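The next block holds one structure in the form of structure tokens; read it before the comments.
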Amino acid sequence: MTSRFDDIQELVMRDARKEYSETTMDLFMNPRNHGPMDQADGLGTVTGPCGDTMNIWIKVEDGRIVNASFTTDGCGTSIASASMATVMAKGKTLVQAGRIEQQDILDALGGLPKESVHCALLASNTLKAAIKEYAARVR
Ligand code: FES
């Protein structure tokens, strides 16, 4: 027997599935690479125009991002976007990861509703900020 809470949750999820791809829903419900990183080599912190802040940490070896993680106080879409940005950054050289743009994250997520596309921009900007901070540190 399902409770009233389960019924409401199911309705909310059904509505969300109409607007968001399976990938976005999965990354929102089970974010990859979530949480601060100990002994990171670079940290990017950016506050978007919406007022939400995102942090991305990177670990670098031989010019390649070997680990990346994030936190954000933003919306569910920002969680999915940051999660995707860290997944995409891992294994890439700093130059390749620095070229990850908003559109790349949107494509990988299978698109976002128009009102949420800025959350993917926040993720790409925060990743770039982490790379920049690392570059300034080792210069
Ligand atoms: Fe601010 Fe999504 S609304 S990051």
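Once region 93-119 is narrowed to residues that are within 13 Å of the ligand (Cβ to nearest atom) and touching a residue at least 40 places away in the same chain (Cβ under 8 Å), the residue that is farthest from the chain's Cα centre (by Cα) is PRO113.
Of all the numbered requirements in (1) open to solvent by less than 50 Å² (accessible area, probe 1.4 Å); (2) closer than 21 Å to LEU112 by Cα, HIS34 misses one, and that requirement is (1). Note on region 2-31: among residues that are of a type in the set (A, V, I, L, M) and over 17 Å from ALA123 (Cβ atoms), the one that is surrounded by the most Cβ atoms within 10 Å (Cβ to Cβ) is ALA16. Scanning region 46-64 for residues that are open to solvent by less than 50 Å² (accessible area, probe 1.4 Å) and in contact (Cβ under 8 Å) with a residue 40 or more places away in the chain returns VAL46, GLY48, ASP52, MET54, ASN55, ILE56, TRP57, ILE58, VAL60. Can you spot a residue in region 23-39 that is in contact (Cβ under 8 Å) with a residue 60 or more places away in the chain and over 15 Å from the mean Cα position of the chain (by Cα)? No: zero hits. With respect to the stated conditions, ALA123 is crowded, with 18+ Cβ neighbours inside 10 Å, under 12 Å from the mean Cα position of the chain (by Cα) and on the phi < 0 side of the Ramachandran plot. Pairs meeting the criteria (first residue in region 69-84 and more than 9 Å from the ligand (Cβ to nearest atom), second residue of a type in the set (Lys, Arg) and open to solvent by 20 Å² or more (accessible area, probe 1.4 Å), beta carbons under 8 Å, at least 6 apart or on different chains) are SER83/ARG32. Here the condition is being small (Gly, Ala, Ser), buried (at least 18 other Cβ atoms within 10 Å of the Cβ) and part of a loop (DSSP other than H, G, I, E, B); of GLY74, GLY111, it holds for GLY74 alone.
The values are calculated or read from the model by the stated rules, or taken from the named source; none is laboratory data. In this text the structure is predicted, and so the values were computed from the model without any measurement. Please note: Cβ atoms are built from the backbone with ideal geometry, for glycine as well, and neighbour counts cover all protein chains shown. All accessible areas refer to the heavy atoms of the entire protein, side chains included, with ligands and DNA or RNA removed. Shrake-Rupley method; radii C 1.70, N 1.55, O 1.52, S 1.80 Å.
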